[in-house]
Amino acid sequence: MSGEDFKRLMDAMADPLVACDGDERVLYLNPAAERLLGWTLEELEGRRLLRLVPARLRSFEGRSFVRYLLGRRSALGGRPVRVPLLRRGGTELEVEITTGTLGEGAGERITLVLRRAPETPDYTVEPLERLGTAAPPRTAPAHLDPERAYRLVFENAPLGLFHFDTTPNIIACNDYFVRLIGSSKRVLIGLNLLTLRDEHFMHCVREVLEGRHAYYEGDYHSVTADKVTPMRTHFAPCFNEAGEVEGGVAIVEDITEQRHAAAERDRLYHEAQDAIRVRDDFLTIASHELKTPLTPLSLRLASLERRLERNEPVDPSLLRHARQHLVRLTALINDLLDASRIDSGRLALHLEPMRLDTIIERALSSMDAERGHHRIEYVHPPEAVRIRGDPYRLEQVFANLLENALKYSTGDSTVRVTLDVDDDFALLSVADEGIGIPRDQQEQLFERYFRARNVSVTSYGGLGLGLYISRDIVERHGGRIWVESEVGRGSTFRFTVPLDK
């Protein structure tokens, strides 16, 4: 590549670069430096570089600003220095400077490669006020002329870079681009960009050859390798001294991680939205469920109070109904407390040898008043079913399954309860002839606050906590719980617990 070619590439390179002679007079600024500093080459050419340096730094330890930096290259080990420079108009701009020199006397050339200092300091970069302290010795480069600066930037940039002519064939690319594309440099050099299958990519190349910048983002399908790369590319034209387009350069960024991060953000956003929806639904249901028993309980207590004040006889049914509402309210509060204990890992189990068949029979007897017109058929094994468990909590699980079966099926239907022994496990089944559960929601049924979409809040009460609590209890007994259901044809809930042998 000729010196003129390198000058053109210096014009196209992204890093700002300033070159001056041995007297520190500006010879060259590339367009990136013009944009960074606000000065044009015509305004600075032939002027002292000190014009860009704040007055307080123009003489540093008996040497000029630039000579001091050059003298410290070896101690810096090639690291940049963080200093302020003057932009056009007199405002200061923090930049990081790497200096280099080539030649001697009248033929000496000094280069400064600039980079806008990040807002968060990089502590591998020395600020100017600390240059007097000792720095770890490193081998410094012999010089940093423009050609070497270009090669360093081109080959070591953490982005893919390639250069193409007007053919348009790729005539140079860095190793990062080779790894990004997944083809060898031998294959990529000479590749005609207009032979690619991606119409958007080819449109960008044509735009550059017309002298315009272009931007590409998409999934690039390599024609030389079986690889798809999500990428973002900035195309820029290269001009010769006559202002004619001589090709272009492209900066290529792999956005795979950004895609993954965006997908993860979307996932978390939707999860947060779902959580908010579940919370709002739960608050609506909870307020309805808690208010339902409170209102009649308050009315019955008020009626009892009036009767007692008038010394009238008390109707036992008022007390019975008030107690039923109080029991329902207590059950709702207990469900909330149990769900909170599960979340914090504080739901205690008290395991002991017990008979599961006895627990089932006791629970069935206690629910005689709640069955209404339902028929309950109970099938049990001929022998006792002995397990090790918490009698109260297992009765709670069965009662919840039975209450659901009664609640979600018509009043004259049959609920079948079956207790059986399957290998080393006791298996309990509760089958109803109710509304059923959509197949795609059966896995979610045991999640906290979840209610199937075919369940009306006003028609069917409950907080959506019973099955969530039941699953935790069963699993902590070493068993599992599941459902088999078809919409309109009823549901069968089953759970297992290990036998005590």
Suppose every K and R has +1 on its Cβ and every D and E has -1 on its Cβ; what is the size of the dipole of segment 265-417 about the Cα centre, in Debye to the nearest 20? 220 debye
On the formula 1/(1 + (r/R0)^6), with r taken between the Cβ atoms of N156 and Q273 and R0 of 51 Å, the FRET efficiency rounded to 0.05 is 0.70
Using eta = 0.890 mPa s and T = 25 °C, Stokes-Einstein with Kirkwood Rh from Cα pairs puts D for segment 22-86, in µm² s⁻¹, at 190 µm²/s
The set of residues whose placed amide H lies less than 5 Å from the amide H of R480, leaving out same-chain residues fewer than 5 positions away, is T496
Would you please give the residues with an amide H less than 5 Å from that of N174, counting only those at least 5 places away or on a separate chain, with H modeled from the backbone geometry? L161
Per residue of segment 109-117, in order, report the coupling 6.51 cos²θ - 1.76 cosθ + 1.60 (Karplus, θ = phi - 60°) as ³J(HN,Hα) in whole Hz, putting x for Gly and Pro. 10, 10, 10, 10, 9, 9, 8, 4, 5
Radius of gyration and maximum dimension Dmax of segment 200-241, Cα, Å: 12.1, 41
So S366 and R480, fully extended at 0.36 nm per residue minus their Cα-Cα distance, gain in nm 38.5 nm
Need one word for segment 321-374: rounded, prolate or oblate. Basis is the Cα gyration tensor (sqrt eigenvalues a ≥ b ≥ c); a/c below 1.5 gives rounded, then a/b vs b/c decides. oblate
What distance in nm separates the two pseudo spin-label positions at L194 and R307, each 7 Å out from Cα along the beta-carbon direction? 9.9 nm
Rounded to the nearest 0.05, what FRET efficiency do R388 and S340 give with R0 = 35 Å and r taken as the Cβ-Cβ distance? Could you check? 0.85
List the residues, sorted by chain then number, that are 5 or more residues from F60 or on another chain and whose placed amide H is less than 5 Å from its amide H. F65
Hey, what's the Cα Rg ratio for segment 362-501 versus the globular rule of thumb, 2.2 N^0.38 Å? 1.02
Let me understand segment 385-441 better: what is its radius of gyration from the alpha carbons, and its Dmax, in angstrom? 13.4, 36
Around F493, under 9 Å between beta carbons, what's the net of Lys plus Arg minus Asp minus Glu among the other residues? -1
Shape box of segment 281-429 [Cα atoms, principal axes, largest first, Å]: 64, 39, 31
Could you do me a favour and compute the accessible area per residue for segment 48-110, 1.4 Å probe, result in Å²? 47 Å²
If a/c stays under 1.5 just call it rounded; otherwise compare a/b with b/c (prolate if a/b is bigger, oblate if not). Do that for segment 149-254, with a ≥ b ≥ c from the square roots of the Cα gyration tensor eigenvalues. oblate
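The values are calculated or read from the model by the stated rules, or taken from the named source; none is laboratory data. Given the structure is predicted, the values throughout are model-derived calculations rather than measurements. Here the Cβ is made from the backbone with ideal geometry for all residues, glycine too, and neighbour counts use every protein chain on show. Remember, those area values only see protein heavy atoms, side chains included, never the ligands or the DNA or RNA. Shrake-Rupley method; radii C 1.70, N 1.55, O 1.52, S 1.80 Å.
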